[in-house]
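The numbers here are math on the coordinates, done by the rules we state, and not lab data. All values derive from a computational prediction rather than experimental measurement. Neighbour counts run over all protein chains shown; Cβ positions are idealised from the backbone, glycine included.
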Amino acid sequence: MTTRRTVQKGTDWMLGRALEILDATTIELTDKSSHVLNGAMIGAIVFGQKETSGKMVVDLEGRFCLHTDKRVRDLTFETTADLYGELARTMRSFQPTTIGIIIGNGVNIVPTAVGVSLALFEPEDFKTDLTAYAGPKDVYIVIADDSSIASYEMGSFAWWFKRGLQIGGLCNLQRWLGALPCQDDYLNANNYNELVQGLVKSFDGEVLYPSIEEYDRMGLMNAVSAAIGDEWMGFVPAFIVHPLSGATSEIDVFVGKGLTYDTGGVQDKGEHMPGMMLDMMGSAAVLCAGLDALQNPKGLKKTTVFVLGITENRDGSMAYLPNSVLTAFNGKTVEVTHTDAEGRLVLADAMAWICKRMKSMVDEGASRVTRVVTIATLTGSAANALSTPYTAMFVKGDDQEVLTNLRRLGETCGDLVWPMPMSHPHYGAQMAGDRSDLRNTGKIKEGGASQAAAFLANFLPEGYEGEYLHLDIAGSTDIGMKGNKATASGLPQDAGVRFLIELMRNNEA
């Protein structure tokens, strides 16, 4: 788990720390009789106990037991992760050197490993007290009996355990990136771009960028980036991952918003500005899903492209202004009606560019983009509608069967999504410009999240007949970073990582 260290800084440190977070080998799988558990604090869940539900007690064997009125068969991915996360988190409060968590017959090992990983990850990087407790040195997931293994029909128990740790590490990486400050030594746009390069290369991937000519055509991205300064503007790193069988005829594209800080521009957020280093969480979700694809290409169904739109929205003498009319990469004009609606501008140019680039990189008719996914901390409207449990989900065409399948996919991986409309003509009409093709905010306040999704659909390729899915994680990232019984405060909650991983490995969604 987290080892307390003196405060460090710089892109080399961030890369090393990120790789350390992804390496979750400090959590191990063992059996009940193992000698390594001597002197360890042992914990277990006791199911079906209504009288003491939610209370931690010590049983006759000296174990710390968290009681719940749920039965094993009633657990979902989400409730399993939360339950074992709460157990690990509570045991940690006693400051043990070693923790052993017993899982019984039928408990799903993947969400258990994810929950424990999330629970024991602490925001320790900027604390300097070297004598303070920094978490258990050793954590063991203990198989209570061999029948637990029989609950899996595919693969080995140990493989699924490792898979759970991988997913937990990726979720923790997104959370950690979101908590990093936007400063010269940490996660400003320039350093974030370099960190993406380092991480992708660490897993043998290759980063591609727009050419100078292509970037010059990104009028929306350039406008948002203008106030950063002359040394660098925004960045649009992308990387492609093929299945082990090679390039496929269908291409999935994931695009994430990466605003390392959002002041709101000249129409600044005022008292709502603190916490806006989290405005890059969509890009972090795309990055983490891409790293998973690089590590595990075997399960990938299609050739998949991961794109991050990285910049900052600052105020200053060069900042873009309301009523400016900008020309997007695809040639459409957009009037700026509010400078704090910048994320959709960055996404629009990034998705228009990557779709055109993909078309130029493949033989005509041999391969084509058939799914585009955008993910962003985009609107307060989505957060107001759903609060923190759910990510707002939008599908071009508002197809109810597709939305239902995607909602179930979220339940399968414990990364919950909830359908909202985008394709009714009302939403598009709000985004139509009077003296330009489009405006970047709606003519009315109501339905802002749906209007933003409708705006983005204008930047799909002309005549595009594939799928378009937009995820608004403005609420589900938990901007307050307060944590809960199963996670540490000081870090946002993960949102989108597990869903994107499940989506890119599932043919039926």
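Pairs K9/K485; K269/K485; K137/K485; K137/K162; K356/K445: which are spaced more than 24 Å apart, C-alpha to C-alpha?
Working: K9/K485 30 Å; K269/K485 31 Å; K137/K485 21 Å; K137/K162 19 Å; K356/K445 32 Å.
With Cα atoms farther than 24 Å apart: K9/K485; K269/K485; K356/K445.
Quick one: grab the alpha carbon gyration tensor of the range 391-509, order the square roots of its eigenvalues as a ≥ b ≥ c, and give me rounded if a/c is under 1.5, else prolate or oblate depending on whether a/b is larger than b/c.
oblate
Only four residue types carry charge here, +1 at the Cβ of Lys and Arg and -1 at the Cβ of Asp and Glu. Report the dipole size of the range 181-475 about the Cα centre in Debye, rounded to the nearest 20. Kindly include the intermediate steps, with their values, before the conclusion.
On the way: 22 positive and 37 negative charges, 132 e Å.
The dipole of the range 181-475 has a size of about 640 debye.
Taking the Cβ of H338 as the centre, find all other residues whose Cβ is under 14 Å away and add up their charges (Lys, Arg: +1; Asp, Glu: -1).
-1
If you line up the long axis of helix 400-413 against the longest principal axis of the chain, both from Cα atoms, how many degrees apart are they, to the nearest 10?
Helix 400-413 and the main axis of the chain meet at about 40 degrees.
Please list, or write none, the lysines whose alpha carbon is within less than 23 Å of the alpha carbon of K359, excluding same-chain residues fewer than 8 places away.
Within the straight-line cut-off, K359 pairs with K257, K301, K302, K332, K396.
Which one, (1) 25.6, 97; (2) 22.9, 68; (3) 23.0, 76, gives Rg and Dmax of the Cα atoms in Å as derived from the coordinates shown?
(3)
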